Amino acid sequence: MGLVPSAQGTPFGLDYAPHFGMFRHHAGDDLVDQLRFMHDEGFRSLEDNEMPTRDIAVQERIGSELERLGMRMGVFVAHTGWGEISFASDAAEARARIRGDIEKAIEVQKRVNAKWCTVVPGEYDRGLAWEYQTANVIDNLKRAAELCEPAGLTMVLEPLNHWTDHAGVFLTGIPQAYQICRAVGSSSCKILDDLYHQQITEGNLIPNMDKAWDEIAYIQVGDNPGRKEPTTGEINYHNVFRHLKRKGYRGVVGMEHGNSMPGKAGERAVIDAYIACDQS
């Protein structure tokens, strides 16, 4: 059974990671104040997709506070490739952009002591056979992994749903991501299993998680429909979190969703939802 958080910051049973802005009505706009509020409520990790776009001084300030609080840095986005062919391409321009994005991610990693960065391979090419695109993705990931391995940074590939949010995206399913990670064969190339996306794309969340377990390095959650906190939709997060505990998961569970209600009441509802599901 998970531990109920308290004003003294007793941690949850799983390592849930809020994002900046989720609790700003309680903590204010200052990012460090938001971190402190998260810690006081029992959270022990942070994820911030926008970290690479923040000023270096801000990154360093966040990194210092995470260290002081004993919190982990979860994912930040290293590469997406929206509106263009990226990892699925063998063009020199794509290879150069990928290299630049990964090199930048490694610099961000150093400032915030991160271990994971999100990679979305981009859109599929309607003019190129799927198998050729898959080979290009694997080759590009192998080159990127050669940069990440010495730095101790793990790219986590995020399959996205193509129905609600990301039409035309190349990577959509956990089995597809599993095949690619096995082919790349690097400890720096693993899966980000976002259960919101996978509920829409394929369902069967726990069996797919189990089948791909050796290649999963990071979990994200959000309920469906609506992409809000657990208990607001159809996913039984009581069972999901119980299963993660049974499997001995010690990684981060990213809270990549919105709040179902506005203001302080909505923020407290998010915390209460995690307390309820974590106690399962």
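Pick out the one residue from Val75, Val108 that is touching a Phe, Trp or Tyr at 6+ places or on another chain (Cβ under 7 Å), under 24 Å from Arg54 (Cβ atoms), in a helix (DSSP H, G or I) and not small (Gly, Ala, Ser). The conditions single out Val108. When you go through Asp48, Asp29 one by one, which is the residue that is within 13 Å of Val112 (Cα to Cα), of a type outside the set (Val, Ile, Thr) and part of a loop (DSSP other than H, G, I, E, B)? On inspection, the qualifying residue turns out to be Asp48. Note on region 229-247: among residues that are without any contact (Cβ under 8 Å) to a residue 40 or more places away in the chain and more than 17 Å from Phe12 (Cβ to Cβ), the one that is surrounded by the fewest Cβ atoms within 10 Å (Cβ to Cβ) is Glu234. Evaluation of Ala7 against the conditions (1) part of a loop (DSSP other than H, G, I, E, B); (2) at pLDDT 95 or above; (3) in contact with a helix residue (DSSP H, G or I) (Cβ under 7 Å, 6 or more places away or on another chain); (4) surrounded by fewer than 16 Cβ atoms within 10 Å (Cβ to Cβ) shows that the sole unmet condition is (2). If I filter region 242-275 down to residues being hydrophobic (A, V, I, L, M, F, W, C), in a helix (DSSP H, G or I) and out of contact with any Phe, Trp or Tyr (no Cβ under 9 Å at 6 or more places or on another chain), which single residue comes out as farthest from Phe20 (Cα to Cα)? Among those that are hydrophobic (A, V, I, L, M, F, W, C), in a helix (DSSP H, G or I) and out of contact with any Phe, Trp or Tyr (no Cβ under 9 Å at 6 or more places or on another chain), it is Leu244.
Please determine, by comparing only the residues of region 180-222 that are within 15 Å of the chain's Cα centre (by Cα) and of a type in the set (D, E, K, R), which one is surrounded by the fewest Cβ atoms within 10 Å (Cβ to Cβ). Per the stated criteria, the residue is Glu215. Of all residues assigned to region 115-128, none qualifies as being part of a helix (DSSP H, G or I) and loosely packed, with under 14 Cβ neighbours inside 10 Å.
Can you find a residue in region 163-179 that is surrounded by fewer than 19 Cβ atoms within 10 Å (Cβ to Cβ), assigned to a loop (DSSP other than H, G, I, E, B) and in contact with a Phe, Trp or Tyr (Cβ under 8 Å, 6 or more places away or on another chain)? The answer is yes; a qualifying residue exists.
Being within 21 Å of Tyr274 (Cα to Cα) and at pLDDT 95 or above is a description that does not apply to Pro52.
The values are calculated or read from the model by the stated rules, or taken from the named source; none is laboratory data. Only a predicted model underlies this, so the values are computations on that prediction, with no experimental measurement involved. Positions of Cβ are backbone-derived with ideal geometry, glycine not excepted, and every protein chain shown enters the neighbour counts.
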